[in-house]
Amino acid sequence: MRRRILTASIFALTIAAAGCGKKEGSNAPDELEVAGVEHEAVFSAPAETPRDEFTYANYQDVRVTHVDLELTLNFDEKVIDGVATLSLEYLNTNAIKVVLDTNDLDIISVEARDNGDYISAAYRLGQDDPVTGASLEIDLPDQADSVRVTYRTSPTAEGVQWLSPEQTAGKEYPFLFTQFQPLFARTMAPLQDTPAVRMTYTARVNTPPEIIVVMSASQDPDGTRDGEYSFDMPQPIPAYLLAIAAGDFGFKAINEHIGVYAEDYILDASAKEFEDTPLMKEAIDELYGPYLWGRYDMIVLPPSFPFGGMENPRLSFLTPTLVAGDKSLTNVVAHELAHSWSGNLVTNATWQDAWLNEGFTSYVENRVMEKLYGNERAVMERALDLEKLKQDVDDADRPELTSLKMPEDLAHPDDAFTQVSYAGGMFFLKFLEERFGREKFDPFLRGYFDAYAFKSITTEEFLAYFEDNLWTDNPNAVTEAEIRAWVYEPGLPDTIEAPVSDAFDNVSAQQRLWLGGEIDADGLETSAWTTHEWLHFLNSLPDEMFTEQYDDLDETFGLSNSSNAEIAYAWYMKAITGGYEPAFQPLEEFLLRVGRGKFIYRLYQALVENGRAEWGRSVYDRARPGYHPIAQRRIDAIFEG
Ligand code: BES
Ligand code: ZN
């Protein structure tokens, strides 16, 4: 039973008495307003976890505990033929049906196991919704313990990208990779596609014999290529962490337990770039307890991969734009690896709680960077994050999207994945770390990962755990109002601590000299600048400058042709706002080559906002066939919007 915190409870009672428990724009659940005698503690999780609004699954009654997948990859038709066998657990003993999620699937037959034999089962496919797809309701005779669905995916499945041989670096074989977070697993198989449900999985995948297949599961990196592959994921995971990649790629070990898969052209460079991954893993192990997933491998995907990275268990998916040659962008590896604790072990129960995944992960990521490369780099990375966070808070469509707990009526789960969840969550944990001290905060987080390992939880459960395991014993470290401001109230809280970077201050000072015309670009002392200093320099330039100024920078530093994707992107953004013509040709090549959403969504958006919609459209028309379906949807909306 939780103890009562005197000061905080008085605070709660005062609010209740004043009848103003919930401030406008606050995403606090109603339960928290009911302060009073029956309330033991300030933060308590509602008795029943709220439903994930983006699933049709009746997971509160019947739950899928294991899925066995038999998949045949058909590269010619761009479809997967699948048989999914789902094991069921009954939470409601009166349940007579199971409801699954589907999207763009052709259901061929449905069976349920009755007394050991599969017999045809009655089913209904619901109406199609553009975001959530269609429900698949299956009648369950005699509480069948398993159902089997035979189906075929669609060539337009949003979670699957099929690349022709020409779209790969090797040009000889096709490539396929999936991206299921947040709700696209249902475009590959009928599942309970919600982070609230965890299941184990096994899979057998058939391909043409030259193609190698990997999944987010146990596999043999030295296995032979024979067109038949088996996988086993014995730890329960939410559907969004299922993943497949198939194509012509090699493997290079970094150590006995860690390695990289990549197309030949980038395999050695990737292994070199990511050679510190074992140290990253050690750093997290030490802080938060052992890595529980067996091997940790990475795969460097073709450049159309729409994210920097995706934390598929045992096998992070990464964009090739991380391979900069100087390890300057490997915080993304630290991030995806950190998800093995925050996100994959402890998972947000709904996308409203996305910050539990991304904010915690960004925090751990930054701790790793500090441990491996020193405080200055960690501070610079946080400072860059704060710049982006402020931008996202300013750009938010409505105030409810600027608190850590996201509103119940999200239009799409993607809307929860802004810098508010990432950097906002990280800065909140930094605030707690500061107030409680690392000696208390570190063991607290370790205990949290332990307590909720392989569970899906809500913000309210975290707060209750925090109250019980850290706050109660240190009641003066923070106030309830401070916590609420971070978690439930819109905007940046007063208690956010802006990182102070001497390196960035020096960059700013030099920038002032250059902008004031006191020095030319070749007078800037940039020889020791890291990527981070360059990014600070570029991001903080005015949106519009004289052509001579752009020329001076570009001719001195070759920014339009930078091989570092982050630097090139930051420069193109300024080139677009200021209409700097010479950058447009390289920008076009960048847009045709790189499909990473973080870059291309903002570049197209900036083109539209700066009177270049027509030019942007013409580039997009050519680039679109090479983009991932997720990116196509997002950019279509930019041009339609
Ligand atoms: N889990 C995310 C990617 C994601 C988020 C996919 C939302 C689908 C929906 C991944 O861990 C991530 O955050 N990637 C970042 C890198 C990170 C260092 C901020 C990215 O892709 O840029
Ligand atoms: Zn992440």
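The values are calculated or read from the model by the stated rules, or taken from the named source; none is laboratory data. Note that this is a predicted model, so its numbers are computed, not measured. So basically every Cβ, Gly included, is an ideal-geometry build from the backbone, and we count neighbours across all protein chains shown. Heavy atoms of the whole protein, side chains included, go into the accessibility calculation; ligands, DNA and RNA do not. Shrake-Rupley method; radii C 1.70, N 1.55, O 1.52, S 1.80 Å.
Some points to look at:
- Share of carbon and sulfur in the accessible heavy-atom surface of segment 341-487 [1.4 Å probe, %]: 45
- Sites residue 128 and residue 226 - FRET efficiency at Förster radius 51 Å, r taken between beta-carbons, to 0.05: 0.85
- Rg over Rh [alpha-carbon atoms, Kirkwood Rh] for segment 437-525: 1.25
- Cα gyration tensor shape of segment 422-467, rounded if a/c is under 1.5, else prolate or oblate by comparing a/b with b/c: oblate
- Given a 1.4 Å probe and the protein chains as shown, residue 362 ends up with an accessible area of around 10 Å².
- Accessible surface of segment 514-641 [probe 1.4 Å, protein heavy atoms]: carbon and sulfur percent: 45
- Cross-link partners of residue 327 among aspartates and glutamates (Cα-Cα below 17 Å; sequence separation of 8 or more within a chain): 268, 273, 275, 276, 336, 365, 370, 376, 381, 533, 566
- Taking each DSSP H run with n ≥ 4 as -39500 (n - 2.57) and averaging over every residue of the chain yields -10500 deg cm²/dmol at 222 nm.
- For the chain, size of Cβ-based charge dipole, Lys and Arg +1, Asp and Glu -1, in debye: 820
- Sites residue 633 and residue 473 - FRET efficiency at Förster radius 45 Å, r taken between beta-carbons, to 0.05: 0.40
- Rolling a 1.4 Å probe across the protein heavy atoms gives the chain an accessible surface of 39 Å² per residue.
- Segment 222-282: trypsin sites (Lys or Arg not before Pro) falling in loop per DSSP and having at most 15 other Cβ within 10 Å: 225
- Segment 443-499-segment 549-590 distance, computed between alpha-carbon centres (Å): 42
- Protection proxy ranking of 193-206, 173-186, by the mean of other Cβ atoms within 10 Å over each peptide's residues and highest first, is 173-186, 193-206.
- The relative contact order of segment 507-640 comes to 18 percent, based on Cα pairs under 8 Å that sit 6 or more residues apart.
- Sequence of 248, 554, 409 from largest to smallest accessible area, 1.4 Å probe: 409, 248, 554
- In terms of its C-alpha gyration tensor, segment 385-453 comes out oblate, because a/c is 1.5 or above while a/b does not outweigh b/c.
- A DSSP coil position with no more than 14 other Cβ atoms inside 10 Å describes the following chymotrypsin sites (Phe, Trp or Tyr not before Pro) in segment 485-589: 546.
- What the Cβ-Cβ distance of residue 526 and residue 265 gives, at R0 = 30 Å and to the nearest 0.05, is a FRET efficiency of 0.50.
- Beta bridges by DSSP in the chain, antiparallel share as percent, to the nearest 5: 75
- Over segment 341-487, Cα pairs under 8 Å with separation of 6+ residues give a relative contact order of 36 percent.
- Segment 230-290 and segment 395-412 have Cα centres separated by 33 Å.
- Enclosing the Cα atoms of segment 507-640 in their convex hull gives a volume equal to 96 cubic angstrom per residue.
- Bridging of residue 405 to lysines at a Cα separation below 24 Å is possible for 22, 23, 388, 390, 430, 455, 598, once same-chain residues fewer than 8 apart are set aside.
- For the chain, the relative contact order works out to 12 percent when only alpha carbon pairs closer than 8 Å and six or more residues apart are counted.
- Chain lengthening between residue 91 and residue 622 when straightened (0.36 nm per residue, less Cα-Cα): 186.1 nm
- For segment 341-487, projected area of the alpha-carbon convex hull averaged over all directions, nm²: 8.5
- Coil-residue GluC sites (Glu not before Pro) of segment 385-474, DSSP, other Cβ within 10 Å capped at 13: 408
- Converting the Cα gyration tensor eigenvalues of the chain into ellipsoid dimensions via √(5λ) gives semi-axes, longest first, of 38, 34, 23 Å.
- Prolate/oblate/rounded label for segment 289-401 (Cα gyration tensor, a/c 1.5): rounded
- Counted charge near residue 347, where neighbours are those whose Cβ lies closer than 14 Å (Asp, Glu -1; Lys, Arg +1): -4
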